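Chemist: Sharing a structure, written as structure tokens. Questions coming.
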Amino acid sequence: MTDEENMQIITAIDRMIEFARRAKKNNRTVGLVPTMGYLHAGHMSLMHRAKKECDAVVVSIFVNPAQFAPGEDFEKYPRDTERDKRLMEKEGVEVVFMPSIGEMYPEGNSTCVSPEGDFAKSLCGASRPGHFKGVTTVVAKLFNIVAPDKAYFGQKDAQQAVVVKRMVRDLNMPIEIRVMPTAREKDGLAMSSRNTHLSGDLRRQALGLFRSLELAKKMVSRGEISSGHVKEEMRKILSEEKDVKVDYVEIRDADDLSPIAEVKSNTLIAVAAVVGTTRLIDNIIIS
């Protein structure tokens, strides 16, 4: 952050574009951390890394309706703008981009980015049709508006990171995608804004996702390579929790998300489940 400026709150696209142009003119590198707000330590770790690697850090806060299907938790998604602002200012964020829905999707808006292929239509893409179309559309818009040199994502959203990397490659966007390790609570639960919906026994049951991944890691370290066997044992762990409904347990290549029969280097082991009414995801990469 420059000495003469405090953290800027920008809501208009034209003002955000002007900031980006001025930064480029002054040979400043820009790092973007796209978020939907209700920030936690995982988001803050992305900002911290961006600040280390870039001259200016821009954080976007936008709960994107295009990536929520009818009946999903768009209206219930947690929001606390004032708290978010305090956290970002403490982290040294230079600009917060907080557009309205009407600003990002004006009346008559009809163009979108639609990723094709199994990498986008399997896993979360299978249970949430249209989700990654919404993700890639809003991320492409943010990239065009902010013009970052680097953009920062968390490993917890592993499929999202793969989809965004593919979009950047396929559309020749001159942006480096940085994927940072999953931030976890002390007991291992992957940090998520949706964790606020968990309380009491549901919070305890949510740890089943982490325990299933820890079991998979232990099995592989002991020499187990059968994807089928690892998944079977993971499902046993998850089935012990009465309020956990498994969406998927999958073992995939970490780069292209293709199914693999045997665990090898660079393997993604991923799980998604609904705990009570809250959908959670988690994963590890075997390296």
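What follows is calculated from the coordinates using simple rules that are stated; it is not laboratory data. For clarity, every value in this text was computed on a predicted model and none was experimentally measured. As a convention, Cβ positions derive from the backbone with ideal geometry for all residues, glycine included, and neighbour counts pool all protein chains shown.
Chemist: How far is helix 227-239 tilted off the main Cα axis of the chain, in degrees rounded to 10, range 0 to 90?
Modeler: On a 0 to 90 degree scale, this one is about 90.
Chemist: Give me the angle, in degrees from 0 to 90, between the Cα long axis of helix 41-53 and the longest principal axis of the Cα atoms of the chain, rounded to the nearest 10.
Modeler: The two axes meet at around 50 degrees.
Chemist: Over 22 Å between Cα atoms, which of 156/217; 24/85; 76/186; 121/236; 25/51 qualify?
Modeler: 24/85; 76/186; 121/236
Chemist: Any idea how far apart residue 232 and residue 73 come out in nm if each label point goes 7 Å out from Cα toward Cβ?
Modeler: 3.3
Chemist: Give me the lysines in straight-line cross-link reach of residue 52: C-alpha distance below 17 Å, same-chain residues under 8 apart excluded.
Modeler: Result set, ordered by chain and number: 90, 150.
Chemist: Take every Cα pair under 8 Å in the chain that's 6+ residues apart, average their separations, divide by the length, and report that relative contact order as a whole percent. Walk me through the numbers on the way to the answer.
Modeler: Numbers: 495 pairs, mean separation 49.0, N = 287.
Relative contact order, the chain: 17 percent.
Chemist: Which angle from 0 to 90°, rounded to the nearest 10, does the C-alpha axis of helix 158-170 make with the longest principal axis of the chain?
Modeler: It works out to around 50 degrees.
Chemist: Additional query: For the ranges 260-272, 234-246, what's the packing order if you count other beta-carbon atoms within 10 Å of each residue, average per peptide, and put the highest first?
Modeler: On the way: 260-272: 17.5, 234-246: 15.8.
Going by the mean number of other Cβ atoms within 10 Å, highest first, we get 260-272, 234-246.
Chemist: Using DSSP to call loops (not H, G, I, E or B), can you name the GluC sites (Glu not before Pro) in region 113-196 whose Cβ has at most 11 other Cβ atoms within 10 angstrom? Walk me through the intermediate numbers first.
Modeler: On the way: sites: 116, 176, 185; in loops: 116, 185.
Listed in order of number, the matching sites are 116.
Chemist: Roughly how many debye, to the nearest 20, is the charge dipole of the chain about its Cα centre, given +1 on each Lys and Arg Cβ, -1 on each Asp and Glu Cβ, and no other charges? Spell out each step's value before the answer.
Modeler: Working: 42 positive and 41 negative charges, 73 e Å.
Its charge dipole is roughly 360 debye.
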